[in-house]
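Below: the structure, in structure tokens.
The values are calculated or read from the model by the stated rules, or taken from the named source; none is laboratory data. These figures come from a predicted structure and were not determined experimentally. As a convention, Cβ positions derive from the backbone with ideal geometry for all residues, glycine included, and neighbour counts pool all protein chains shown. When the accessible area is computed, the model is the full protein with side chains, heavy atoms only, and any ligands, DNA or RNA have been set aside. Shrake-Rupley method; radii C 1.70, N 1.55, O 1.52, S 1.80 Å.
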Amino acid sequence: MRRIVVIVAFAAVILWSHGMVAAAQTGDMLAAARSIKIYTEDFAPFNYMSDTGLTGAGTDVVREMAARLGHDGKFEVLPWKRALQIVDNEPGTAVFSMVRTSEREDEYKWVGPIIVTRGWLYKMTDSNLEIRDLSDARKVAAIGVQAGGAAERMLREQGFKNLAALYTPGNALQLLASDRIDLWEASDLVLEHQCRKFGIDRSEVEPVIGLGIYELYLAFSLQTPDFIVDQWQMVLNDLRSDGTFAEIGRKYGVSMLHEGAEVPSGEEFNLMTR
């Protein structure tokens with residue numbers, strides 16, 4: 001009988017020891033997840049600087065994820081190309097809000113989507129341009145695209161030579177309205193935001209070619225261990241299940257934090273998923 005008690009006690013000690021080791025390992029994992037350096041850009045409505053600091057739908061989602069992990073929630077705002085350069089080369093870094101594409105798939109580790117929207121080529125409604133397909137788009141003088149963005153990369157890979165890389169994409173609609181660019185690549189959410197910002201009626205801008213679904217993510221450097229990425233994804237899943245994710249969407253009037261929004265008229269060409 002005594003031998004049985006000793007064996008049971010010994011087993012309990014072993015289980016306790018394994019539990020402590022697991023707890024210590026969990027603590028290390030959390031510490032690693034909290035140490036990630038996170039970058040973003042000033043590009044409304046996803047992430048942008050306001051009078052009260054960095055805000056936007058993407059910012060709020062990632063900030064809530066960070067808070068639940070115990071991360072300090074400090075994100076550095078940089079030009080997009082500079083942010084990508086850091087995450088491409090430095091371990092323990094991440095950037096948002098990045099469009100996930102097949103070309104980028106193996107270049108980062110992904111958590112998301114944090115926003116889902118749809119990309120288009122837009123023109124001013126009163127423009128004399130006849131844009132029926134991408135062959136027509138190739139003939140215009142200038143297509144405004146976000147410098148370093150997914151659309152710039154993919155359109156260049158499609159052989160486009162008429163791209164105007166915009167380093168301050170938050171003013172792109174003004175460039176379109178003043179004929180400084182002929183077409184503008186943007187998501188429907190960005191269009192809506194800039195229409196409000198510059199007092200331009202939505203009817204004055206026309207979608208002509210659909211570029212497909214834009215799924216925006218928090219993208220980690222390839223050197224980041226999977227267990228860190230998994231922790232951030234699990235926290236995002238929690239945000240979805242407890243309603244916080246949808247609440248952030250309502251705050252910004254973002255209806256496409258989930259798929260299923262109505263597609264506007266225009267020629268559809270799924271460049272994002274080619």
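Observations, loosely collected:
- The lone exception for residue 29 - which of (1) modelled with pLDDT of 90 or more; (2) farther than 20 Å from residue 84 by Cβ; (3) not aromatic (Phe, Trp, Tyr) it fails: (1)
- Scanning the stretch 66-117 for residues that are over 12 Å from the mean Cα position of the chain (by Cα) and of a type in the set (Phe, Trp, Tyr) yields 75, 108.
- Members of the stretch 49-65 found to be open to solvent by less than 50 Å² (accessible area, probe 1.4 Å) and in contact with a helix residue (DSSP H, G or I) (Cβ under 8 Å, 6 or more places away or on another chain), listed by number: 57, 60, 61, 65
- Taking the stretch 213-251 as the range and being farther than 14 Å from residue 60 by Cα, among the β-branched types (Val, Ile, Thr) and within 17 Å of the chain's Cα centre (by Cα) as the test, the residues that pass are 213, 229.
- Restricting attention to the stretch 212-248, the residues being free of Cβ contacts under 8 Å to residues at least 12 places away in the same chain, of a type outside the set (A, V, I, L, M, F, W, C) and either within 25 Å of residue 190 (Cβ to Cβ) or open to solvent by 50 Å² or more (accessible area, probe 1.4 Å) (or both) number 6.
- Residue 76 passes every criterion in (1) crowded, with 18+ Cβ neighbours inside 10 Å; (2) of a type in the set (Asp, Glu); (3) under 21 Å from residue 167 (Cβ atoms) apart from (1).
- Those helices (runs of 4 or more DSSP H) lying entirely in the stretch 81-195 with at least 1 residues free of Cβ contacts under 8 Å to residues at least 40 places away in the same chain, open to solvent by 10 Å² or more (accessible area, probe 1.4 Å) and out of contact with any strand residue (DSSP E or B) (no Cβ under 7 Å at 6 or more places or on another chain): 134-137, 172-177
- Members of the stretch 115-167 found to be over 30 Å from residue 59 (Cα atoms) and hydroxyl-bearing (Ser, Thr, Tyr), listed by number: 125, 127, 135
- Among the criteria (1) in a helix (DSSP H, G or I); (2) at pLDDT 95 or above; (3) in contact with a strand residue (DSSP E or B) (Cβ under 7 Å, 6 or more places away or on another chain); (4) not β-branched (Val, Ile, Thr), the one residue 203 does not fulfil is (3).
- Note on the stretch 196-211: residues that are of a type in the set (S, T, N, Q) and open to solvent by less than 10 Å² (accessible area, probe 1.4 Å) amount to 0.
- For the stretch 134-150, a residue qualifies if it is of a type in the set (A, V, I, L, M) and more than 14 Å from residue 211 (Cα to Cα), and the qualifying residues are 140, 141, 142, 147.
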